[in-house]
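The block underneath contains the structure these notes are about, expressed in structure tokens.
The values are calculated or read from the model by the stated rules, or taken from the named source; none is laboratory data. Not measured: the values here are computed from a predicted model. Every residue, glycine as well, gets a Cβ built from its backbone with ideal geometry; the counts of neighbours run over all protein chains shown. The accessibility values were calculated without ligands, DNA or RNA, using every heavy atom of the protein model including side chains. Shrake-Rupley method; radii C 1.70, N 1.55, O 1.52, S 1.80 Å.
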Amino acid sequence: MRAHRTSRRTAVLALGTALVSLLATSPAGAGTSGLPVVTATSESAALYDDEAGGNSDADDPAIWRNAADPGRSLVVATAKEGGLKVYDLGARLVQSLSAPKPPAEDDAPGRFNNVDLVSGLRTSAGRADVAVVTDRGNDRLRIYRIDPSRPGGPLTDVTDPAAAHVFSADQSEINDQRTAYGLATWTNKATGRTYALVSQRERTRLALLELVPAAGGKVGYRKVRTLDLPSSFRLPDGTSWSACAEPGELPQVEGMVVDPATGTLYAGQEDIGIWRLRADLTGKPVLVDRTKEFGVPGVYDEATEECVPGADPGYGGKRLSADVEGLTLLQERGGNGYLLASSQGDNTFALYARKGNAYEGGFRVGAASETLDSVEECDGAAILNAPLGKRYPRGLLVVQDGQETPEVPDGEGGTRTATGFKFVDLGAVVDAAGL
């Protein structure tokens, strides 16, 4: 969730704005906080979150590698009410799939939040690569078969029509939108079974859903178990702390990724930090790193709809500025590599060792030119550490950009809310961060 949708931390946002202004004048390779800066090589066309733009809001990407022709690989990305977008490696739109219409006029419309991929999923029509999407508007998963040779576009909806709601009992609960939100897929090497791990919006709950074959090549799912992460924490001084939020909200998870080598789930609880736990949702979660805001008291102001922070007692972390978003893995051989997290509040990216999770550094994505701008308020991120043709021989990083430029007037004295996706040469990130 981007901070500009619900402004909880006014001081952090003000600091972030100042940092963005400074970064715009900084040379590539030297960030204002000592972090290296890389630049994108291309970007998608801006998406606009208004009626004229189809209420499209960029959120989360995933990278599908075309094994037969890596240079023709694809990026599948969510756009909230704008549905699902498919891009080629030049960030050009290949396919656009609409989110479902609301069941009735007063019901919530389809809203695609997060996406992840599964290679070789077992279906009744044979093995298939699929994209799995959380439809936050309808509290369901949507599953799309990927076939680059298909004339009408590479993605086809193969969701079982009988697929149940993930968290809601009925349409009334769906309309409250405490629904399917974050997503990560996982195939258990021991059993060969494939799962989706799904978080619940405005709650701390995670659900483990097994993907199962249905008739006619369709794919459904069944709930295996759930787990609730903490919503309050005991501080070193003996007091109890909960993150400030709108009344009734709990600190939700969105960014998630599973390490396939170990079956470890990393979950970003936006105001809290990064959790490490078993992907089967058994065992005890471990907090790998905290946000800088962890432990800071706050009071929600109904008039301004913002949280007013109190004095910082100094219990927070040093690297992540809430919200924690966009978790993804840079996988290397032998279980080596890095966990990447988007530090949304200060527009940076943090890197942790895949083994042991020690902090290894970070970076920013700065402006390459006046039109190819920097990345702010990043929601989702995806890494593929594999050759992708001549364009990306060392792999690709795709990140959501929460503030696309140049700004476009909305005709009412303001500007249109614009978002998009930046494509970054993974080799440049590795070199700049000294990995």
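Based on alpha carbons, the Rg and Dmax found for region 306-373 are 15.0, 46 Å. At a Cβ-Cβ separation cutoff of 4.7 angstrom, cysteine residues of the chain with no neighbouring cysteine are Cys378. In this structure the amide hydrogen of Thr41, modeled in the peptide plane, comes within under 5 Å of the amide hydrogens of Phe423, Val424, Asp425, none closer than 5 places in sequence on its chain. Over 23 Å between Cα atoms: which of Lys101/Lys422; Lys85/Lys189; Lys189/Lys355; Lys223/Lys284; Lys80/Lys101; Lys355/Lys422 fall into that group? Over 23 Å apart, Cα to Cα: Lys101/Lys422; Lys85/Lys189; Lys355/Lys422. Charge dipole (Cα centre; +1 on Lys/Arg Cβ, -1 on Asp/Glu Cβ; no other charges) of the chain amounts to roughly 2360 debye. Residue by residue, region 377-391 carries 3J(HN,Hα) couplings of 6, 5, 8, x, 8, 8, 10, 10, 8, 7, x, 10, x, 5, 6 Hz when phi is fed to the Karplus relation 6.51 cos²θ - 1.76 cosθ + 1.60 (θ = phi - 60°); x denotes Gly or Pro.
Measuring how big region 223-315 is from its alpha-carbon positions, Rg and Dmax come out at 14.9, 49 Å. Each Cα pair under 8 Å and six or more residues apart adds its sequence gap; the mean of these over the residue count of the chain is a relative contact order of 16 percent. All Cα-Cα distances of region 345-411, cut into 5 Å bins from zero to the largest, leave 4, 13, 17, 20, 22, 13, 6, 3, 2, 0, 0 percent in each bin in turn. In region 92-198, Rg over Rh equals 0.99, where Rg is the alpha-carbon radius of gyration and Rh the Kirkwood radius from pairwise Cα distances.
Let me know the whole percent of all Cα-Cα pairs from region 249-297 that are separated by more than 17 Å. Looking at region 249-297, the distances longer than 17 Å represent 35 percent of pairs. Counting only DSSP H runs of at least 4 residues, each contributing -39500 (n - 2.57), and dividing by the residue count of the chain, the helix-based mean residue ellipticity at 222 nm comes to -2000 deg cm²/dmol. Annotation for region 376-435: GluC sites (Glu not before Pro) lying in DSSP loop with at most 15 further Cβ atoms inside 10 Å of their Cβ are Glu407, Glu412. Residue separation of Ser98 and Lys355 scaled by 0.36 nm, minus their Cα-Cα distance, works out to 88.6 nm of gained length. Once the C-beta distance of Ala303 and Arg150 is scaled by a Förster radius of 35 Å, the resulting FRET efficiency is 0.10 to the nearest 0.05.
Cβ under 15 Å from Tyr195's Cβ, Tyr195 left aside: what net charge do those residues give with Lys, Arg +1 and Asp, Glu -1? Once all neighbours under 15 Å are counted, the net charge is +3. If R0 equals 22 Å, the separation of the Cβ atoms of Arg225 and Ala190 corresponds to a calculated FRET efficiency of about 0.80. Only protein heavy atoms count here; under a 1.4 Å probe, Trp64 has an accessible surface of about 20 Å². With a 1.4 Å probe rolled over the protein heavy atoms of all chains, the accessible area of Phe167, Phe112 falls in the order Phe167, Phe112, largest first. Here, region 148-253 is characterised by an Rg to Rh ratio of 1.09, where Rg is the alpha-carbon radius of gyration and Rh the Kirkwood radius. Taken over the chain, the convex hull of the Cα atoms encloses 151 Å³ per residue.
Modelled spin-label separation between Tyr315 and Thr262, with each label point placed 7 Å from Cα along the Cα-to-Cβ direction: 2.6 nm.
Accessible surface calculations at 1.4 Å, restricted to protein heavy atoms, place the chain at 41 Å² per residue. At the residue level, Arg391 shows approximately 130 square angstrom of accessible surface with a 1.4 angstrom probe and all protein chains present. For Lys292, a cut-off of 12 angstrom between C-alpha atoms picks up these aspartates and glutamates, skipping any fewer than 8 places away in its own chain: Glu270, Asp271, Asp312, Asp323, Asp346. Heavy-atom accessible area, probed at 1.4 angstrom with all protein chains present, ranks Asp379, Asp301 as Asp301, Asp379, highest first. Computed over region 142-207, the alpha-carbon pair-distance distribution with 10 angstrom bins reads 17, 36, 33, 13, 0, each value a whole percent. 3J(HN,Hα) couplings calculated from phi for region 299-309 with the Karplus curve 6.51 cos²θ - 1.76 cosθ + 1.60 (θ = phi - 60°) are, in sequence order, 10, 7, 9, 4, 5, 9, 6, 9, 8, 9, x Hz; Gly and Pro show x. Gain on full extension, evaluated as 0.36 nm per residue between Asp280 and Asp157 minus their Cα-Cα distance, stands at 41.6 nm. Comparing Ser321, Ala303, Gln331 along the charge dipole axis of region 292-332, the residue lying farthest to the positive side is Gln331, per the Cβ-charge model.
Roughly to the nearest percent, how much of the accessible area of the chain is carbon and sulfur, given a 1.4 Å probe? Within the chain, the accessible surface is 48 percent carbon and sulfur. Ordered by solvent-accessible area of protein heavy atoms (1.4 Å probe), largest first, the residues Thr185, Thr405 come out as Thr405, Thr185. When its C-alpha radius of gyration is set against 2.2 N^0.38 Å (N residues), region 31-77 gives a value of 1.64. Cys307 contributes about 10 Å² of solvent-accessible surface, heavy atoms of the protein only, 1.4 Å probe.
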